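J.: Got a structure for you, written out below as C-alpha cells; questions coming shortly.
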C-alpha cells in the first residue's frame, strides 16, 4: 500500500532541515518514501491512498534512544534493575506487548531496548520480535556474551569506576566486550554513573581508580563514535573535552532524571558544545511515561530552567534529538530519522488544531509544547499503518502481581 500525505505542515529533519508549511509526503508500495515537497509539486499518485493532513504536523517517526520494556510492569515505581532477574519469559513478553502498543501509538517507530543481563538470547529475540511485529524497529542492547547470538544488537558494557572498585568489572572484561563489539561492528551502551550511585560514591571510586571512567576508557582507546553514553549528572571540564573529542553519542533521559531529582545542566552544555545527542524515555518505570513528545518538552523545560536561560535548549534541537540525532546514535540514519526520498517510510502525523494547542504562529511549538503522544492520528512504520493491540488490563494486572510476588519471594525490591 502506498500513501499520499497531503496539505500538512511537513518538518523533514533532512540534511537541509527543510520545512514545508503546506507540503506532501508520498510513500511507495515497498515501504519507502518516494517523494517529499511543497504542495505545488505534489504528484497525482492515483494508486496511493490519500491522507488529509491539513491542520496537522507531519514529522519523521520518533525514536526512543533508550527504553526498558520490562518496566511497563512497574510504571512510575523506578524499579531496580535487579528486579528484572525475577521475571520469567511470559512476563517479559507481556511487558513487551504493553510497550509495543504504547510506543507506536505515540509516534515512535524505532527504539533501543536495554535488555536485562539475565535474559537469554531466545528471550531477547522474542521480545524484539514483538516490537517489530508492532511496527517498532527494535535494536536490543545485550550483555557482551549475547551479542553474537542476537543479530544487530548493541553491547551493554559495564565499565564505570564503581564497578571496577567492587571487582564487578576489570580491564580484561572491558577489553573482551569491546573486542566483540569491534568484531561485529556494534554500538556500545555505557553508563558512566551506575544505577543508584551517589556523587560521593562516584568521587570515592574515582580517587581509588586514579582516573574517571571517561579518562579510563579514552586511555584504553575504547571511547569513540560507536559509544552511546547515558548522560550522567556531572562531568568535569577534562571529561567534557574528552567526550567531545571522542565523537561518542550522549543519551538524555529528561523525564526520568526529573522524576528522580537528577536535574543537571550538563546535557544542554554538551549539546551546545557539539556533542551529538539523542533522547530516550528509559521506560515508564523510570519516569512514569514512554511519551517521546513529553521527553522533548521536558528537555527544553528542564534545561532552560536549570541554566536560567530560555535559549539553552530549543524546540528545534529537541526534535532533532528525538529523530535524526537518535537515528545517527543507533546507526539507523541511512534508513530512518528524516523524511527524505529513499528512506524507510517512518512517519507520524499529529493534529495541532485542538483548543489546548493554540500556538498558531509556530506549529512546532503547538506540537512539542502542547501535544501528547496519544494525539498521533496517523503513524506509518515502514510504510504500513500502525494499529498495535495491547494486552487486556486484566492480563497486565495479573502479570504485575505475579512479578511483584516473585520479587518479594526473592527478597528483592521492584
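J.: Does residue 213 satisfy being closer than 26 Å to residue 303 by Cα and free of Cβ contacts under 8 Å to residues at least 12 places away in the same chain? Don't jump to the end; show me each part of the working.
T.: Numbers: closer than 26 Å to residue 303 by Cα: yes; free of Cβ contacts under 8 Å to residues at least 12 places away in the same chain: no.
When the stated conditions are applied, residue 213 does not pass them.
J.: Please pick out the residue among 206, 158 that is touching a helix residue (DSSP H, G or I) at 6+ places or on another chain (Cβ under 8 Å), more than 17 Å from residue 113 (Cα to Cα) and without any contact (Cβ under 8 Å) to a residue 60 or more places away in the chain.
T.: 206
J.: Please go through segment 363-379 and pick out each residue that is more than 18 Å from the chain's Cα centre (by Cα) and assigned to a helix (DSSP H, G or I).
T.: 363, 364, 365, 366, 367, 369, 370, 375, listed by residue number.
J.: Scan segment 191-214 residue by residue and report those that are closer than 13 Å to residue 239 by Cβ and under 28 Å from the mean Cα position of the chain (by Cα).
T.: Once the filter is applied, which keeps residues that are closer than 13 Å to residue 239 by Cβ and under 28 Å from the mean Cα position of the chain (by Cα), segment 191-214 yields 192, 193, 202, 212, 213, 214.
J.: Continuing with the same structure: Quick one: in segment 274-307, which of the residues that are on the phi > 0 side of the Ramachandran plot and modelled with pLDDT of 90 or more is surrounded by the fewest Cβ atoms within 10 Å (Cβ to Cβ)? Walk me through it before giving the result.
T.: Residues of segment 274-307 on the phi > 0 side of the Ramachandran plot: 274, 282-283, 288.
Imposing the further condition that a residue be modelled with pLDDT of 90 or more reduces the set to 274, 282-283.
Values: 274: 9, 282: 27, 283: 30.
Here the residue is 274.
J.: Next question. Of all residues in segment 363-401, which are touching a helix residue (DSSP H, G or I) at 6+ places or on another chain (Cβ under 8 Å) and at pLDDT below 80?
T.: If the condition is that a residue be touching a helix residue (DSSP H, G or I) at 6+ places or on another chain (Cβ under 8 Å) and at pLDDT below 80, then 388, 389, 390, 391, 395, 396, 399, 400 are the ones that fit.
J.: Looking at 38, 60 in this structure, which one is touching a strand residue (DSSP E or B) at 6+ places or on another chain (Cβ under 7 Å), under 30 Å from residue 187 (Cβ atoms) and either at pLDDT 95 or above or buried (at least 16 other Cβ atoms within 10 Å of the Cβ) (or both)? Spell out the reasoning first.
T.: On the way: 38 fails: under 30 Å from residue 187 (Cβ atoms).
So the residue among 38, 60 that is touching a strand residue (DSSP E or B) at 6+ places or on another chain (Cβ under 7 Å), under 30 Å from residue 187 (Cβ atoms) and either at pLDDT 95 or above or buried (at least 16 other Cβ atoms within 10 Å of the Cβ) (or both) is 60.
J.: Is it the case that residue 342 is touching a strand residue (DSSP E or B) at 6+ places or on another chain (Cβ under 9 Å) and not assigned by TED's automatic domain parsing to the domain that holds residue 266? First the steps, then the outcome.
T.: Values: touching a strand residue (DSSP E or B) at 6+ places or on another chain (Cβ under 9 Å): yes; not assigned by TED's automatic domain parsing to the domain that holds residue 266: yes.
The answer is yes for residue 342.
J.: Only helices (runs of 4 or more DSSP H) wholly contained in segment 219-317 count here; list those with 2 or more residues that are under 15 Å from the mean Cα position of the chain (by Cα) and within 23 Å of residue 357 (Cα to Cα).
T.: Values: elements: 237-246, 254-259, 266-273, 284-287, 292-307.
Ranges flagged: 254-259, 292-307.
J.: Testing residue 74 on (1) surrounded by fewer than 16 Cβ atoms within 10 Å (Cβ to Cβ); (2) touching a helix residue (DSSP H, G or I) at 6+ places or on another chain (Cβ under 7 Å), one condition comes back false. Which one is that?
T.: The one condition residue 74 does not meet is (1).
J.: Those residues that are in a helix (DSSP H, G or I) and under 17 Å from the mean Cα position of the chain (by Cα), I need them from segment 131-162; list them, please.
T.: So the first thing to find is which residues in segment 131-162 are in a helix (DSSP H, G or I), and the list is 131-133, 144-149, 161-162.
Result: 131, 132.
J.: Further, regarding this structure: In this structure, does residue 67 turn out to be closer than 30 Å to residue 363 by Cβ, buried (at least 24 other Cβ atoms within 10 Å of the Cβ) and touching a residue at least 40 places away in the same chain (Cβ under 8 Å)? I'd like the intermediate steps shown before the answer.
T.: On the way: closer than 30 Å to residue 363 by Cβ: yes; buried (at least 24 other Cβ atoms within 10 Å of the Cβ): yes; touching a residue at least 40 places away in the same chain (Cβ under 8 Å): yes.
Against the criterion (closer than 30 Å to residue 363 by Cβ, buried (at least 24 other Cβ atoms within 10 Å of the Cβ) and touching a residue at least 40 places away in the same chain (Cβ under 8 Å)), residue 67 qualifies.
J.: Another one. Please tell me if residue 5 is touching a residue at least 60 places away in the same chain (Cβ under 8 Å), over 22 Å from residue 294 (Cα atoms) and not in a loop (DSSP other than H, G, I, E, B).
T.: Values: touching a residue at least 60 places away in the same chain (Cβ under 8 Å): yes; over 22 Å from residue 294 (Cα atoms): yes; not in a loop (DSSP other than H, G, I, E, B): yes.
Criteria met by residue 5.
J.: If you go through segment 268-301, how many residues are touching a strand residue (DSSP E or B) at 6+ places or on another chain (Cβ under 8 Å) and touching a residue at least 40 places away in the same chain (Cβ under 8 Å)?
T.: Residues of segment 268-301 touching a strand residue (DSSP E or B) at 6+ places or on another chain (Cβ under 8 Å): 270-271, 275-283, 290, 292-293, 295-296, 299.
Then drop every residue that is not touching a residue at least 40 places away in the same chain (Cβ under 8 Å), which leaves 271, 276-283, 290, 292-293, 295-296, 299.
Counting residues in segment 268-301 that are touching a strand residue (DSSP E or B) at 6+ places or on another chain (Cβ under 8 Å) and touching a residue at least 40 places away in the same chain (Cβ under 8 Å) gives 15.
J.: If you check 208, 213, which single one turns out to be out of contact with any strand residue (DSSP E or B) (no Cβ under 9 Å at 6 or more places or on another chain) and in the same structural domain as residue 252 (by TED's automatic domain parsing)? I'd like the intermediate steps shown before the answer.
T.: Numbers: 213 fails: out of contact with any strand residue (DSSP E or B) (no Cβ under 9 Å at 6 or more places or on another chain).
After ruling out the rest, the residue left standing is 208.
J.: Look at residue 147 and say whether it is in the same structural domain as residue 81 (by TED's automatic domain parsing), over 17 Å from residue 239 (Cβ atoms), surrounded by fewer than 21 Cβ atoms within 10 Å (Cβ to Cβ) and in contact with a helix residue (DSSP H, G or I) (Cβ under 6 Å, 6 or more places away or on another chain). So that I can check it myself, show each step before the final result.
T.: Numbers: in the same structural domain as residue 81 (by TED's automatic domain parsing): yes; over 17 Å from residue 239 (Cβ atoms): yes; surrounded by fewer than 21 Cβ atoms within 10 Å (Cβ to Cβ): no; in contact with a helix residue (DSSP H, G or I) (Cβ under 6 Å, 6 or more places away or on another chain): yes.
In short, no.
J.: Which condition from (1) in contact with a strand residue (DSSP E or B) (Cβ under 9 Å, 6 or more places away or on another chain); (2) in contact (Cβ under 8 Å) with a residue 24 or more places away in the chain is the one that residue 30 breaks?
T.: Status for residue 30: all satisfied but (1).
J.: With (1) assigned to a loop (DSSP other than H, G, I, E, B); (2) in contact (Cβ under 8 Å) with a residue 40 or more places away in the chain; (3) farther than 30 Å from residue 406 by Cα; (4) under 28 Å from the mean Cα position of the chain (by Cα) as the list, and residue 47 as the residue in question, which single condition is left unmet?
T.: (4)
The values are calculated or read from the model by the stated rules, or taken from the named source; none is laboratory data. Please read all numbers here as calculations on a predicted model, not as lab measurements. Counting neighbours? That spans all protein chains shown, and the Cβs are built from the backbone with ideal geometry, glycine included.
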